[in-house]
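A quick write-up on the structure given underneath.
The values are calculated or read from the model by the stated rules, or taken from the named source; none is laboratory data. Computed from a predicted structure; not experimentally measured. All Cβ positions, glycine included, derive from the backbone under ideal geometry; neighbour counts span all protein chains shown. Accessible surface areas use protein heavy atoms only, side chains included; no ligands, DNA or RNA. Shrake-Rupley method; radii C 1.70, N 1.55, O 1.52, S 1.80 Å.
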Amino acid sequence: MNILYIMTDDHAFQAISAYGHPISELAPTPNLDRIAREGLLFSNAFVENSISAPSRATLLTGMYSHQHGQTHLGYGLNPDRHFFTEYLQKAGYRTAIIGKWHLNVDPKGFDYYKILNDQGEYYNPYFRTSESDGKYMQEEGYVTNLITDAAISWLDTISNDRPFCLMVHHKAPHRNWMPDLKYLDLYEDVTFPEPPTLFDDYSTRGDQMRTHELSVAEHMGYAFDFKVAQLQNEPTLKYIHDSFDIAMSTMNEEQLEIWNASYDRKNKEFLQNRPEGKDLVRWKYQRYIKDYCRTIKSVDDQVGRLLDYLEEHDLVDNTLIVYTSDQGFFLGEHGLYDKRFMYEEAFRTPLIIMYPGGLKGKHCDELVQNIDYAHTIMDAAGLSVPEDMSGMSLVPLLKGEDISWRKSLYYHFYDYPSVGMARKHDGVRNERYKLIHFYGEGYGDDKDIDSWELYDLQEDPTEINNLYGDERYEIIGTELREELERYRKELKISE
């Protein structure tokens with residue numbers, strides 16, 4: 001069986017129309033919906049650590065973050081850990097990865113790779129290939145399109161005598177959400193619905209929700225995030241201020257002219273009559289969500305190109321097609337952007353899979369996690385799975401088999417102090433309830449923390465009413481703490 005694994009960076013399930021969220025009703029994703037119509041949509045797919053590099057390492061190894069070593073964004077992956085692509089390669093698969101890599105080790109288990117420099121830029125990005133002698137070479141164009149061009153070009157070079165595993169890793173829709181030029185004004189006349197928790201006051205939660213740096217209202221940059229270049233020097237976080245010039249630096253004069261004309265026009269009214277208070281937050285949210293959905297539009301277009309290619313070359317009936325993201329993303333929920341927290345929008349990720357001969361047009365509500373992906377791909381390829389992989393194969397679910405499945409998930413975020421200043425926390429989630437434990441020494445003005453949260457997701461799906469300590473939920477809380485301790489013991493969690 002061939003494998004086509006497509007992964008975006010920070011794609012929220014809220015922005016895929018197959019999931020039925022109000023945002024996606026105004027910004028549909030017809031090509032992603034094609035995968036859902038012909039495959040299985042997972043409504044309870046999650047990550048084990050909601051941040052990019054650890055998630056990518058988990059995908060490749062089938063391990064939890066502390067097992068493969070990449071607990072933090074910038075470092076840690078144990079180079080001795082095996083990637084599932086190494087096993088596929090040894091079994092005769094042709095293997096390639098194209099797009100974002102963002103790990104501290106070189107790609108291995110790939111016949112060919114073409115990877116972005118670090119996070120990569122949206123316009124005229126730099127790529128390093130398995131044939132470029134370690135050098136990054138600039139290409140002209142929009143990154144989402146270029147990645148797809150390269151993926152199709154690679155498919156054109158291989159024969160059909162051996163199966164392939166192609167991993168297409170998009171930069172989009174990662175911050176700072178720079179759309180393709182042809183989509184700069186898309187959705188401009190649309191008013192997206194605000195999430196009901198846009199003005200969440202965190203009244204039932206601890207200090208960790210008052211000391212983070214991830215709010216739409218206070219922590220996004222006018223120039224970098226909202227594309228108001230005239231306000232580049234207004235106070236903001238230093239790393240955001242410095243990032244604006246970097247993001248714009250790869251654009252050529254023609255691209256800059258089109259870009260500036262669009263945003264100058266859109267910014268004119270705002271600069272002449274700048275809103276204040278909640279009206280300003282609402283303006284920021286609209287600018288953010290429109291640019292975010294504009295980048296998704298290009299992703300959907302390019303997924304369509306790949307699906308068309310498979311159909312035109314009679315490959316669909318023997319290809320496992322996976323679409324997912326390295327984690328979820330806040331689209332204004334709890335007043336946040338970004339990820340990191342164990343709240344649903346960051347913890348939960350989109351996952352849609354077409355499996356030849358499997359279920360079509362169905363939803364799966366079982367609790368699945370990104371530790372399962374490597375296991376699933378190896379199972380689909382007919383290979384035995386190494387004992388050090390922690391996940392479970394999703395193939396029985398894809399086939400619609402009646403099997404016993406897990407009843408809870410473990411989550412752990414380690415990367416503090418760091419960008420966003422989200423505190424360390426771990427927790428468990430079952431089909432209805434979620435328990436989160438924030439812990440650890442504070443940095444700078446942050447206090448040491450030992451804070452618990454408990455949510456009834458059936459009665460409180462937006463997670464605003466922390467029930468920890470409520471005597472009505474004492475039994476539930478005790479059971480979940482015991483479950484959390486079981487995970488910590490079995491997984492040998494040391495912190």
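When region 248-263 is limited to residues that are over 13 Å from Val228 (Cβ atoms) and not hydrophobic (A, V, I, L, M, F, W, C), the one that is most open to solvent (accessible area, probe 1.4 Å) turns out to be Glu253. Quickly run through region 473-491 and pick out the residues that are touching a residue at least 40 places away in the same chain (Cβ under 8 Å) and surrounded by fewer than 10 Cβ atoms within 10 Å (Cβ to Cβ). Residues satisfying the conditions do not exist here. Restricting attention to region 301-345 and to residues that are of a type in the set (Ser, Thr, Tyr) and farther than 14 Å from Pro195 by Cβ, the residue that is surrounded by the fewest Cβ atoms within 10 Å (Cβ to Cβ) turns out to be Tyr309. A count restricted to region 90-118 and to residues that are without any contact (Cβ under 8 Å) to a residue 60 or more places away in the chain, open to solvent by 40 Å² or more (accessible area, probe 1.4 Å) and not in a strand (DSSP E or B) stands at 7.
For region 37-56, give me the residue count where each residue is in a helix (DSSP H, G or I) and open to solvent by 10 Å² or more (accessible area, probe 1.4 Å). Give the steps one after another, and end with the answer.
Quick first cut of region 37-56, residues in a helix (DSSP H, G or I) only: 37-38, 52-56.
Checking the rest, the ones that are also open to solvent by 10 Å² or more (accessible area, probe 1.4 Å) come to 37-38.
Summing the residues that are in a helix (DSSP H, G or I) and open to solvent by 10 Å² or more (accessible area, probe 1.4 Å) in region 37-56 gives 2.
Restricting region 73-89 to residues that are surrounded by fewer than 17 Cβ atoms within 10 Å (Cβ to Cβ) and in contact (Cβ under 8 Å) with a residue 12 or more places away in the chain, the residue that is nearest to Gln327 (Cα to Cα) is Gly74.
Listed residues Gly76, Gly99, Gly69, Gly134; which is within 20 Å of the chain's Cα centre (by Cα) and at pLDDT below 95? It would help to see each step written out before you state the result.
Details: Gly99 fails: at pLDDT below 95; Gly69 fails: at pLDDT below 95; Gly134 fails: within 20 Å of the chain's Cα centre (by Cα).
Among Gly76, Gly99, Gly69, Gly134, only Gly76 is within 20 Å of the chain's Cα centre (by Cα) and at pLDDT below 95.
Apart from one condition, Thr295 fits all of (1) in contact with a helix residue (DSSP H, G or I) (Cβ under 7 Å, 6 or more places away or on another chain); (2) closer than 24 Å to Val143 by Cα; the exception is (1). Looking across region 368-414 at every residue that is closer than 25 Å to Thr85 by Cα and acidic (Asp, Glu), the one that is surrounded by the fewest Cβ atoms within 10 Å (Cβ to Cβ) is identified as Glu387.
Here Asp279 does not qualify as acidic (Asp, Glu), within 30 Å of Thr197 (Cβ to Cβ) and open to solvent by less than 50 Å² (accessible area, probe 1.4 Å).
Would you mind stating whether Glu213 is over 30 Å from Asp456 (Cα atoms) and either open to solvent by 50 Å² or more (accessible area, probe 1.4 Å) or without any contact (Cβ under 8 Å) to a residue 12 or more places away in the chain (or both)?
no
Regarding Asp460, is this residue open to solvent by 50 Å² or more (accessible area, probe 1.4 Å) and out of contact with any Ser or Thr (no Cβ under 6 Å at 6 or more places or on another chain)? Criteria not met by Asp460. Within region 288-295, at least one residue is under 20 Å from Phe192 (Cβ atoms), assigned to a helix (DSSP H, G or I), touching a residue at least 24 places away in the same chain (Cβ under 8 Å) and among the hydrophobic types (A, V, I, L, M, F, W, C). For region 127-167, taking the residues that are in contact (Cβ under 8 Å) with a residue 60 or more places away in the chain and part of a strand (DSSP E or B), the one that is most open to solvent (accessible area, probe 1.4 Å) is identified as Gln138.
With the structure loaded, tell me whether Asp388 is at pLDDT below 95 and closer than 30 Å to Arg423 by Cα or whether it fails that test.
yes
Could you count how many residues in region 1-36 are open to solvent by less than 20 Å² (accessible area, probe 1.4 Å), touching a residue at least 24 places away in the same chain (Cβ under 8 Å) and either under 20 Å from Pro195 (Cβ atoms) or of a type outside the set (S, T, N, Q) (or both)? Walk me through it before giving the result.
Taking region 1-36 and keeping what is open to solvent by less than 20 Å² (accessible area, probe 1.4 Å), we get 2-12, 14-16, 23-24, 27, 29, 32, 35-36.
Checking the rest, the ones that are also touching a residue at least 24 places away in the same chain (Cβ under 8 Å) come to 2-12, 14-16, 23, 27, 29, 32, 35-36.
Next, from what is left, pick out any that are either under 20 Å from Pro195 (Cβ atoms) or of a type outside the set (S, T, N, Q) (or both): 3-7, 9-12, 14-16, 23, 27, 29, 32, 35-36.
Residues flagged as open to solvent by less than 20 Å² (accessible area, probe 1.4 Å), touching a residue at least 24 places away in the same chain (Cβ under 8 Å) and either under 20 Å from Pro195 (Cβ atoms) or of a type outside the set (S, T, N, Q) (or both) within region 1-36 amount to 18.
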